[in-house]
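The values are calculated or read from the model by the stated rules, or taken from the named source; none is laboratory data. The model shown is predicted, which means the values in this text are computed figures rather than measured ones. Glycine gets a Cβ as well: all are built from the backbone with ideal geometry, and neighbour counts include every protein chain shown. Each accessible area value is taken on the protein alone, full model and side chains, heavy atoms only, with ligands, DNA and RNA left out. Shrake-Rupley method; radii C 1.70, N 1.55, O 1.52, S 1.80 Å.
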Amino acid sequence: AQSVTQLGSHVSVSEGALVLLRCNYSSSVPPYLFWYVQYPNQGLQLLLKYTSAATLVKGINGFEAEFKKSETSFHLTKPSAHMSDAAEYFCAVSSGGTSYGKLTFGQGTILTVHP
Amino acid sequence: DAGVIQSPRHEVTEMGQEVTLRCKPISGHNSLFWYRQTMMRGLELLIYFNNNVPIDDSGMPEDRFSAKMPNASFSTLKIQPSEPRDSAVYFCASSRQGLSTDTQYFGPGTRLTVL
């Protein structure tokens, strides 16, 4: 079984501040991890993914995430927040133990950016 | 390139009516997923197709829900009869092969309201 926990349903930062969105996973086999972003009234868009290559993954819009097996974490960061980063962010896990890429999503974190 | 296309974008219907949601995956993708998003339950996988064949329908809530994929470029999700608790945003997603490392590309969703 696999699961994802996103700590903090709401995160608020000032423009220019560090963004840190937390994600912890549980998986009985080596996981593949994804971060998606959802803007209002839109579908989900991939930010980045970890598929067992480099543990530090860089994505679009200046975001990056680091896979830490010892901490079972895959936190999303961005050095400097922009107003356009305001959205809901979802962490998801997919494991090679399943017969296909079944994604299990976290509950989401809403990011608010203040001017 | 066109992304995943869903129609309608919004649907308002009365309890007991039949509802049909439509999806056109990205050309060349052979895996298709239907998800439901609600505030209470988050993002849930309803059904997964590979090469037009339903592989995992364990997430389909009950017999009122059915999904088909008659060809590689079209899928439907039908609810009959609809109930107020079916109100949600329904997303269709596609991926190249359905592998655990594949990116899933999401459509814009259909917002369903059952009165």
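Running a GNM on chain A with Cα contacts under 10 Å, which residue among A:Ala53, A:Ala81, A:Ala92 ends up with the highest mean-square fluctuation? In this elastic network of chain A, the residue with the biggest mean-square fluctuation among A:Ala53, A:Ala81, A:Ala92 is A:Ala53. Cross-link partners for A:Lys102 among the aspartates and glutamates, with Cα-Cα distance under 18 Å and sequence neighbours closer than 8 places in the same chain left out: B:Glu44, B:Asp56, B:Asp57, B:Asp102.
Cβ-Cβ distance of B:Ile55 and A:His114, R₀ of 41 Å, FRET efficiency by 1/(1 + (r/R0)^6): the value works out to about 0.35. Charge dipole (Cα centre; +1 on Lys/Arg Cβ, -1 on Asp/Glu Cβ; no other charges) of the range A:1-94 amounts to roughly 240 debye.
So which lysines pass the test for B:Lys68, namely a Cα distance under 17 Å, with those fewer than 8 places away in the same chain ruled out? Correct list for B:Lys68: B:Lys24, B:Lys78.
Packing here is the average count of other Cβ atoms within 10 Å per residue, and on that basis the peptides B:37-43, A:100-106, highest first, run A:100-106, B:37-43. Of the residues B:Gly98, B:Val53, B:Gly42, the one whose Cα sits farthest towards the positive end of the charge dipole of chain B is B:Gly98 (charges of +1 on Lys and Arg Cβ, -1 on Asp and Glu Cβ, taken about the Cα centre). Taking all protein chains into account, the per residue accessible area for chain A stands at 47 Å² (1.4 Å probe).
Per atom type, the range B:50-92 shows carbon and sulfur on 49% of its accessible surface, probed at 1.4 Å. Under a 5 Å amide H cut-off, with hydrogens placed 1.01 Å from N, B:Leu99 pairs with A:Gly101 among residues at least 5 apart or on other chains. If a/c stays under 1.5 just call it rounded; otherwise compare a/b with b/c (prolate if a/b is bigger, oblate if not). Do that for the range A:1-101, with a ≥ b ≥ c from the square roots of the Cα gyration tensor eigenvalues. Because a/c hits 1.5 or more and a/b exceeds b/c, the range A:1-101 counts as prolate. Net charge dipole, the protein assembly as shown: roughly 300 debye, given to the nearest 20, about the Cα centre with Cβ charges of +1 for Lys and Arg and -1 for Asp and Glu. The DSSP beta bridges internal to chain B are antiparallel in roughly 90% of cases.
Under the simplified labelling scheme, the A:Glu15-B:Asp63 pair shows an inter-label distance of 5.7 nm, with each label point 7 Å from Cα along Cα→Cβ. The charge dipole of the range B:1-63, taken about its Cα centre with unit charges on the Cβ of Lys, Arg, Asp and Glu (plus for the first two, minus for the last two), comes to roughly 280 debye.
Quick check: Cα centre of the range B:12-45 to Cα centre of the range A:1-74, how many Å? With the range B:12-45 and the range A:1-74 each reduced to a Cα centre, they are spaced 24 Å.
When the range A:52-106 is described by a simple charge dipole with +1 on each Lys and Arg Cβ and -1 on each Asp and Glu Cβ, the residue from A:Gly62, A:Met83, A:Thr104 located farthest towards its positive end is A:Thr104. Taking a ≥ b ≥ c as the square roots of the Cα gyration tensor eigenvalues, the range B:1-108 comes out prolate, since a/c reaches at least 1.5 and a/b is larger than b/c.
For peptide B:29-37, the mean count of partner chain Cβ atoms within 10 Å of a residue's Cβ comes to 2. State whether the protein assembly as shown is rounded, prolate or oblate according to the following rule on the C-alpha gyration tensor (a ≥ b ≥ c being the square roots of its eigenvalues): a/c under 1.5 gives rounded; otherwise a/b larger than b/c gives prolate, and the remaining case gives oblate. Prolate, because a/c is 1.5 or more and a/b exceeds b/c.
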